[in-house]
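The values are calculated or read from the model by the stated rules, or taken from the named source; none is laboratory data. It should be emphasised that the depicted structure is a prediction, and the values quoted were computed from it without experimental measurement. Cβ atoms come from the backbone with ideal geometry, glycine included; neighbour counts cover every protein chain shown. These area figures cover heavy atoms from the full protein model, side chains too; ligands, DNA and RNA do not enter into them. Shrake-Rupley method; radii C 1.70, N 1.55, O 1.52, S 1.80 Å.
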Amino acid sequence: MRKMKTANDYAKNCLKPPKAFFEWCYYNMPTYKWANKQQTIVASERKHFLTYEKRLTKNARLTFFDRRDHYRIILSTSKRIEIQTYEVRSLFEKGKQYFQVKLVNLEHFSDDNHIKVGAVSDFAYDFRLIQIGSMFATYHERPPLYNNQWVDRLLSVSELRYLSLDDISESEIAFIYKYRQRIEYAQRINALELAKQILERKLDMRSITMKWLKRNKVFFRNSNRSYQAYQVKQALESLGTKYISGVEAFMGADDVKKIPKEVKPITLQNYLIKQKRKIGYYRDYFNALRDLNIPLNSMNCLPRDLEKAHDKAVETLNAMEREVVRKEFEKRAVEEAFLEMTINDVKFILPKEANELIEEGKKLEHCVGTNSYIDEHADGDTTIVFVRKASEPDKPYYTLEYQDSELVQISGSNNKSPDEHLLETVNQWLHIVNERAKTKEKKHVA
């Protein structure tokens with residue numbers, strides 16, 4: 001390939017598309033036919049996907065510029081890959097169609113360079129791609145691409161032929177060409193997962209240099225180790241401990257810093273692999289022991305069955321938390337008994353334990369039974385009151401939320417809104433409880 005210095009050199013010496021490409025371009029542009037009883041003018045004898053039929057008159061316009069479209073083709077040789085974009089203009093002269101073709105954009109890959117060339121005038125090119133389409137478009141809005149089996153040729157003839165690729169899209173060409181040597185090296189040493197991560201653009205290629213690959217060849221060779229495995233290895237070795245192969249499936253590099261000091265890192269690695277549990281699951285168990293104030297020892301730090309020990313610890317902790325919540329519910333029911341009363345045919349009742357909120361939410365199919373409402377009621381951040389028919393005090397009817405002397409919301413089954421009669425009764429209740437809160441008259445009214 002001759003030495004090219006200017007953008008015009010690249011445009012002038014680009015690979016030549018086959019004649020079939022241009023015929024395809026012309027086919028995709030419509031043509032015209034004018035006719036009357038005496039005469040028919042056919043603008044083109046070529047095959048076109050669309051022919052407009054017009055009436056031939058004395059004033060028929062037969063000489064004009066019709067349209068401008070863009071088409072692309074990908075070509076390759078053993079030393080060059082090119083993505084070419086052509087502007088094709090359709091013009092008519094005295095009823096006969098002809099075309100003007102110009103290369104407008106060229107992406108040229110060779111000698112480890114990715115050269116971009118665009119037409120800045122009818123005769124001059126610059127080292128940049130030009131905008132195609134309207135002023136709101138960009139050159140990333142790709143014109144139609146000619147199907148010349150370019151993928152097969154790219155993977156069998158071009159500089160990418162040494163890579164093991166099932167397929168390649170046009171948008172991947174620049175990236176794969178730039179990093180083809182690193183991808184090829186990873187594939188050659190059978191570091192398949194690492195090669196896959198590079199191809200999927202999941203890695204910072206500033207770190208994955210050829211020097212780095214060669215330095216870590218032994219670690220990645222003939223394995224499915226990912227880059228994350230390397231990071232875990234580095235983190236563990238920074239603690240002065242050995243990396244156990246496969247542990248990356250159960251912990252990340254950031255997790256290494258969070259290994260409990262009561263457990264040796266190498267021991268924990270083997271333990272997680274044996275238990276087939278991620279370190280987050282183990283930390284949940286470990287934190288539960290601490291919250292339960294259980295002294296740590298060699299037996300409970302590394303239980304024989306982590307799942308069983310985890311579930312038991314969490315269940316015990318949850319039971320303790322439920323007990324705390326239960327006491328808070330009972331305390332609030334006593335302290336705020338002034339909220340309970342019967343007005344007309346409606347009874348207002350405070351929940352005495354968390355399970356009552358859960359059941360209320362289930363039966364009315366709204367969210368009052370979620371942990372957020374349970375915790376907020378127990379902590380006094382809000383107040384949940386059951387609204388029941390006086391004739392059916394044990395049957396969920398409506399649920400209201402009371403906070404800062406205001407009615408926040410009231411909902412029935414499936415968040416149904418109350419009717420006017422019930423809303424009037426609720427407003428009476430709200431007035432009474434606010435007055436009693438002011439005067440601190442907190443007597444239970446039956």
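What nm distance separates the two modelled labels at Val408 and Glu365, each placed 7 Å from Cα along Cα→Cβ?
That separation, rounded to one decimal, is 2.4 nm.
Compute the orientation-averaged projected area for the range 9-164 from the convex hull of its Cα atoms and round it to one decimal in nm².
Numbers: hull surface 45.4 nm².
So the mean shadow area of the Cα hull is 11.3 nm².
Pick from Tyr162, Tyr86, Tyr32 the residue whose mean-square fluctuation is largest in a GNM of the chain, springs joining Cα atoms under 10 Å.
Highest fluctuation among the options: Tyr32.
Of all the Cα-Cα pairs you can form in the range 73-167, what percent are over 15 Å apart? Kindly include the intermediate steps, with their values, before the conclusion.
Numbers: 3066 of 4465 pairs.
Considering the range 73-167, 69 percent of its Cα-Cα pairs are separated by more than 15 Å.
Round to a whole number: what % of the accessible area of the range 228-371 belongs to carbon and sulfur, probe 1.4 Å?
Its accessible area is 51 percent carbon and sulfur atoms.
Among the lysines, select those whose C-alpha is under 24 Å from the C-alpha of Lys362, and discard any that sit fewer than 8 residues away in the same chain.
Lys327, Lys347, Lys352, Lys389, Lys395, Lys416
Excluding ligands, DNA and RNA, what is the solvent-accessible area per residue of the range 182-224 at a probe of 1.4 Å, expressed in Å²?
60
Using a cut-off of 19 Å between alpha-carbon atoms, which aspartates and glutamates can reach Lys96, once sequence neighbours fewer than 8 places away in the same chain are excluded?
Of all the aspartates and glutamates, those that pass the test against Lys96 - Cα under 19 Å, at least 8 places apart if same chain - are Glu23, Glu45, Glu53, Asp66, Asp69.
Going down the table (Lys233/Lys258; Lys12/Lys202; Lys233/Lys261; Lys178/Lys278), which pairs top 26 Å between alpha carbons? Walk me through the intermediate numbers first.
On the way: Lys233/Lys258 15 Å; Lys12/Lys202 38 Å; Lys233/Lys261 18 Å; Lys178/Lys278 37 Å.
In this structure, Lys12/Lys202; Lys178/Lys278 lie more than 26 Å apart at Cα.
Taking 0.36 nm per residue of sequence separation and subtracting the Cα-Cα distance, how much length would be gained by fully extending the chain between Phe175 and Thr342, in nm to one decimal?
The span from Phe175 to Thr342 would gain 52.7 nm if fully extended.
Provide His421, His48 ordered by accessible surface of protein heavy atoms (probe 1.4 Å), highest first.
His421, His48
Restricting to DSSP H runs of at least four residues, report the calculated mean residue ellipticity at 222 nm for the chain, -39500 (n - 2.57) per run over all residues, nearest 500 deg cm²/dmol.
-11000 deg cm²/dmol
Considering the chain as a Gaussian network with a 10 Å cut-off on Cα pairs, which listed residue, Arg322, Arg436, Arg142, attains the greatest mean-square fluctuation?
Result: Arg436 has the largest fluctuation of those listed.
In a Debye calculation with equal point scatterers on the alpha-carbon sites of the range 3-77 and no solvent, what is log10 I(q)/I(0) at q = 0.11, 0.14, 0.28 Å⁻¹?
For the requested q values the scattering log ratios are -0.47, -0.65, -1.32.
Expressed in nm², what is the orientationally averaged projection area of the convex hull enclosing the Cα positions of the chain?
Over every viewing direction, the Cα hull of the chain projects on average to 40.9 nm².
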